[in-house]
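Chemist: Here it is: the structure, laid out below.
The values are calculated or read from the model by the stated rules, or taken from the named source; none is laboratory data. Treat the numbers as computed from the prediction; the structure is a model and nothing was measured. Here the Cβ positions follow ideal geometry from the backbone for every residue, glycine too, while neighbour counts run over all protein chains shown.
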């Protein structure tokens, strides 16, 4: 897959994984597993990028005598998901057009 | 491999990156291992699931931008001692011109590369101009009624057009070559600063 496209997809996937409630690294990976496999270092890079872009915030919570980092989506992160949905409506209609052209050949 | 060994190897492998960066990554991986163990995996299994530590190191090294590495490299490791500052000030007339000269040489070499590219494109442009003016003057001499001159002008014009096409591909290849060289130099610089992958 095109690297730029994949990067955008992964960003939105991670945002979706923390959309309903705050989540932590391992749970994000587990939640995404049925759809796509994500390595720890890739996830780290994505989380860092989203944090810098202000799409999520990080806070530590004590769990079982150790600290665990939880990721919380911001308004700008939620907006990103909405934008993504809009973009894909357009992409899907282009896709249908491309597929139709091939069928006619 | 247990968690401690994994984290220690990771720390060794990331040497050269900013300290906060390394600590943050280590905390991240440590949490990932702990969470897996909480699910019932043994320590060794949890570490194995994270993946090969050498692969992780090389991926992180690729991800970290060059500017960050350079910044870390020029940051003094320990507080600068007073005599070093004195020496730097006294030696200023000596090291400053050398530094400037070194930067100028590197810059000059780079400019030379691009000058070649620019002159190649200039040749290409002049062939285009030659083709255009050849055809134009052919039309002019046609009006004047000088048949031999018309033919020779047309011939020159077409020759220039043909050469321009060849020149275009040559220029394109040369430009791509210099861009490739620039990228290689940047990667080389990165390796020079943080060292080759340590096994």
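Chemist: Checking the structure you have, find out if any residue of the stretch A:52-61 is in a loop (DSSP other than H, G, I, E, B) and within 14 Å of another protein chain (Cβ to nearest Cβ). Walk me through it before giving the result.
Modeler: If we filter the stretch A:52-61 for residues that are in a loop (DSSP other than H, G, I, E, B), which is where we start, we get A:53-55.
Narrowing further to those that are within 14 Å of another protein chain (Cβ to nearest Cβ): none.
For the stretch A:52-61, residues in a loop (DSSP other than H, G, I, E, B) and within 14 Å of another protein chain (Cβ to nearest Cβ): absent.
Here's the yes/no breakdown for (1) in contact with a strand residue (DSSP E or B) (Cβ under 6 Å, 6 or more places away or on another chain); (2) over 30 Å from residue A:61 (Cβ atoms); (3) surrounded by 10 or more Cβ atoms within 10 Å (Cβ to Cβ):
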position: B:32; (1), (2), (3): no, no, yes
position: B:44; (1), (2), (3): no, no, yes
position: B:47; (1), (2), (3): no, no, yes
position: B:51; (1), (2), (3): no, no, yes
position: B:56; (1), (2), (3): no, no, yes
position: B:75; (1), (2), (3): no, yes, no
position: B:80; (1), (2), (3): no, yes, yes
position: B:89; (1), (2), (3): no, yes, no
position: B:103; (1), (2), (3): no, yes, yes
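Chemist: Moving on to the next point. I'd like to know if the stretch A:2-12 contains one or more residues that are modelled with pLDDT of 90 or more and either surrounded by fewer than 16 Cβ atoms within 10 Å (Cβ to Cβ) or more than 14 Å from every other protein chain (Cβ to nearest Cβ) (or both).
Modeler: yes
Chemist: Out of all the residues in the stretch A:23-41, which are surrounded by fewer than 17 Cβ atoms within 10 Å (Cβ to Cβ) and in contact (Cβ under 8 Å) with a residue 12 or more places away in the chain?
Modeler: Correct list: A:31, A:35, A:36.
Chemist: Give the residues of the stretch B:24-42 that are more than 7 Å from chain A (Cβ to nearest Cβ), closer than 13 Å to residue B:2 by Cβ and not in a loop (DSSP other than H, G, I, E, B), sorted by residue number.
Modeler: Residues satisfying the conditions are B:30, B:33, B:37.
Chemist: Hey, could you check the stretch A:62-80 for residues that are buried (at least 16 other Cβ atoms within 10 Å of the Cβ) and within 15 Å of the chain's Cα centre (by Cα) and say which is nearest to the other protein chains (Cβ to nearest Cβ)?
Modeler: A:71
Chemist: Let me ask another. Tell me, yes or no, whether the stretch B:144-161 has at least one residue that is closer than 30 Å to residue B:126 by Cβ, loosely packed, with under 11 Cβ neighbours inside 10 Å and at pLDDT below 85.
Modeler: Taking every residue of the stretch B:144-161 in turn, at least one turns out to be closer than 30 Å to residue B:126 by Cβ, loosely packed, with under 11 Cβ neighbours inside 10 Å and at pLDDT below 85.
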